[in-house]
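Shown next, in structure tokens, is the structure this report addresses.
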Amino acid sequence: MKQDGKWSGFRKLVLVDRIKECEDITSFYFKAEDGGKLVKHEAGQYLPFKIVTEEAAYKDVLRTYSLSIIPNDELYRISVKKIPGGLISTYLHERLQIGDCIEAMIPMGLFTLKEESAEAPITLISGGIGITPLLSMLYQAADTRKSVHFIQAVQNSKLHPFKTDIHMIAELKGFRNTVFYSNPLAEDEKGRDYDEIGFVTKEWLSTEANLESTFYLCGPPVFMKALEESLLGLGVSKDRIYYELFSQ
Ligand SMILES: Cc1cc2nc3c(=O)[nH]c(=O)nc-3n(C[C@H](O)[C@H](O)[C@H](O)COP(=O)(O)OP(=O)(O)OC[C@H]3O[C@@H](n4cnc5c(N)ncnc54)[C@H](O)[C@@H]3O)c2cc1C
């Protein structure tokens, strides 16, 4: 059993729970199979792992998933979007059951909250599954930061994960939370399910975002390119814009 939580190479983690967050995203909760502590990750880091199987198609195939839980050394959570035809995301959704193991490396990655004073404002902007590292940052910021604007862009209520969690943290901490629906359903209601229709535009950012803040972005490449261009165009300096790409 590892005493300090650290390990080198691969370590077996066992699935202890799985929860459907919305139509195409499920969260998977893991503990160390040996019962020991895990490494406390930094918010924004990801977990590289492979499936434990003898099946040739999956053997030694490595994928990385951002940890979507508050940094801790007991329980990891990843939240995975099912990609049609995707090898590992489909395996996780359709085949990984409670009690099954994965083999994981320690959490890694440099997309983390930069050291700043508690007063320094931050703006977290996610598109779709890009919510995962930013949600972990939001949990951390709830304890460490005073001025947070969380902007979540999704298609509609069927594809809207973590709505209640984010809403509750924002209420409790006095953070600002803005939800964009690009394609609301007939039953989706402005003010209840979402705040804005369409995309996060330069015009909207110019009046609604705190341009003095440090920005953290995660979403599809086209979403991040547009956002970065908008922010730069509005005078935000490049060294205050951080982002994570999910495609390698
Ligand atoms: C740092 C990092 C963090 C990540 N965090 C998360 C996370 O928190 N949650 C999560 O769900 N994914 C995350 N990903 C993506 C994840 O690692 C896989 O790439 C993704 O799940 C697809 O793997 P797969 O084996 O299912 O598909 P593959 O078999 O590798 O791909 C099948 C096909 O799908 C395409 N494809 C791959 N990814 C996507 C995509 N995102 N959208 C549309 N088409 C795609 C591929 O181009 C390919 O044509 C992250 C990636 C990185 C690099």
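Taking just the C-alpha trace of the range 50-110, give me its Rg and Dmax in Å.
Considering the range 50-110 through its Cα atoms, Rg and Dmax are 12.2, 34 Å.
Helix 221-233 versus the longest principal axis of the chain: what is the Cα-based angle in degrees, 0 to 90, to the nearest 10?
Taking Cα atoms only, the helix is inclined about 40 degrees.
Among TYR216, TYR139, TYR58, which one shows the highest mean-square fluctuation when the chain is modelled as a Gaussian network with alpha-carbon springs under 10 Å?
In this elastic network of the chain, the residue with the biggest mean-square fluctuation among TYR216, TYR139, TYR58 is TYR58.
Show log10 I(q)/I(0) for the range 11-104 at q = 0.13, 0.18, 0.22, 0.23 Å⁻¹, two decimals, from a solvent-free Debye sum over equal Cα scatterers.
-0.40, -0.78, -1.20, -1.31
Given a cut-off of 25 Å, what percent of all Cα-Cα pairs of the range 65-187 lie beyond it? Present the calculation step by step, with values, prior to reporting the outcome.
Working: 2353 of 7503 pairs.
When every Cα pair of the range 65-187 is considered, 31 percent fall beyond 25 Å.
Just to be sure I follow: if Rg is taken over the C-alpha atoms of the range 172-248 and Rh is the Kirkwood radius over the same atoms, what is Rg/Rh? Walk me through the intermediate numbers first.
On the way: Rg = 13.8 Å, Rh = 13.9 Å.
My calculation of the ratio gives 0.99.
Cα-based count: Lys pairs in the range 32-148 below 18 Å, eight or more positions apart or different chains? Write down the numbers at each step before the final one.
Values: LYS40/LYS114; LYS50/LYS59; LYS50/LYS81; LYS50/LYS82; LYS114/LYS146.
So the count works out to 5.
How far is the Cα center of the range 219-236 from the Cα center of the range 17-85, in Å?
Cα centroid of the range 219-236 versus Cα centroid of the range 17-85: 29 Å apart.
Cα centroids of the range 144-164 and the range 89-140: how far apart, whole angstrom?
A separation of 14 Å, based on Cα centres.
Working from Cα positions, state the angle (0 to 90°, nearest 10) between the long axis of helix 131-144 and the longest principal axis of the chain.
80
Which order do the peptides 224-233, 122-131, 190-199 come out in when sorted by mean C-beta neighbours inside 10 angstrom, highest first?
Details: 224-233: 16.6, 122-131: 25.8, 190-199: 13.4.
In descending order of packing, they fall as 122-131, 224-233, 190-199.
Using r as the Cβ-Cβ distance of ARG95 and TRP7, and R0 as 41 Å, what FRET efficiency do you calculate, to the nearest 0.05?
On the way: r = 25 Å, r/R0 = 0.62.
In this case the efficiency is close to 0.95.
What residue among ALA120, ALA142, ALA43 shows peak mean-square fluctuation when the chain is described by a Gaussian network model with Cα springs under 10 Å?
Of ALA120, ALA142, ALA43, the Gaussian network model singles out ALA120 as fluctuating most.
If you average the sequence gap of Cα pairs under 8 Å that are 6 or more apart and divide by the length of the chain, what percent do you get for the contact order?
Numbers: 519 pairs, mean separation 44.7, N = 248.
Reported relative contact order: 18 percent.
What Kirkwood hydrodynamic radius, in Å, does the chain give when the mean of 1/r is taken over all pairs of distinct Cα atoms and then inverted?
Details: mean 1/r = 0.0532 Å⁻¹.
Over the chain, the inverse of the mean reciprocal pair distance is 18.8 Å.
Just so you know, all these numbers are worked out from the coordinates, no wet-lab data involved. What you see is a predicted model; the values in this text were computed from it and never measured. So basically every Cβ, Gly included, is an ideal-geometry build from the backbone, and we count neighbours across all protein chains shown.
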